[in-house]
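Written below as C-alpha cells is the structure these notes are about.
The values are calculated or read from the model by the stated rules, or taken from the named source; none is laboratory data. Since this is a predicted model, take the numbers as computed values, not measurements. Cβ atoms come from the backbone with ideal geometry, glycine included; neighbour counts cover every protein chain shown. Protein only, heavy atoms only, side chains kept; ligands, DNA and RNA dropped before computing areas. Shrake-Rupley method; radii C 1.70, N 1.55, O 1.52, S 1.80 Å.
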Amino acid sequence: MHVTTPIRVRYAETDQMGIVYYANYYVWFEIGRVELLRSVGLAYSQLETEHRCILPVVESSCRYRAPARYDDEILIETRPLMLRQSVIKFGYRILRKEPEGAVPALLAEGETVHVVCDEQLKKVPMPEKYAAGLKAMIEKA
C-alpha cells in the first residue's frame, strides 16, 4: 500500500534552466514520509516529542528518469518497504501529473533507510503503535 501526496514545483526548487535541483527530491521524500505516517493516524512530530525517537537517514538512493520543471504538478508516492525492530526502509516514486486520463510520467524513484534512535543516537525499537501501523501497510502491499 502506498500514500500519494500532491505538490506543485515551486520556483525556488529549480535551477536557472527551470529544472528541479536534484537534492529537492530528497525533500519530497521527507514530505512523503510525514504524510504516510499521518495517513495512518500517526505523527512524525509525536514520535519525537512523546516517544523521544528520531529516524535519521542512514542510506538513501534516487534514480532520476526525467526532469521535473517549475510549476509541474507532482505526485509523491511513498510506501514502507521493510520494518525490523529498529530499521525501516521507505520506497518512493515521483510522478508528474499529466492531463486527465493520461498515465503520470515517472520522474524519479528512490529509497531511504532509517534507524530508530533515542536523543543520544542510541538504537531503540520502533514504538509499538508506529510499528503496528507500518506493518499493516506493508502487509497490504
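Details
- Looking only at the stretch 1-56, residues that are free of Cβ contacts under 8 Å to residues at least 60 places away in the same chain, polar (S, T, N, Q) and out of contact with any helix residue (DSSP H, G or I) (no Cβ under 8 Å at 6 or more places or on another chain) come to 6 in all.
- Failed item, numbered, when Pro104 is tested on (1) farther than 20 Å from Val20 by Cβ; (2) open to solvent by less than 60 Å² (accessible area, probe 1.4 Å); (3) not acidic (Asp, Glu): (1)
- Any hit, the stretch 40-60, residues being surrounded by fewer than 13 Cβ atoms within 10 Å (Cβ to Cβ) and within 18 Å of Thr5 (Cβ to Cβ): yes
- Filtered by the rule that a residue be aromatic (Phe, Trp, Tyr) and part of a strand (DSSP E or B), the stretch 17-66 gives a lone residue, Tyr64.
- Any hit, the stretch 75-84, residues being at pLDDT below 95 and charged (D, E, K, R): yes
- Selected residue (criterion: farthest from Trp28 (Cα to Cα)) from residues of the stretch 67-89 that are open to solvent by 60 Å² or more (accessible area, probe 1.4 Å) and not in a strand (DSSP E or B): Gln85
- Qualifying residue in the stretch 112-131 (condition: part of a strand (DSSP E or B), in contact with a helix residue (DSSP H, G or I) (Cβ under 9 Å, 6 or more places away or on another chain), modelled with pLDDT of 90 or more and not aliphatic (A, V, I, L, M)): yes
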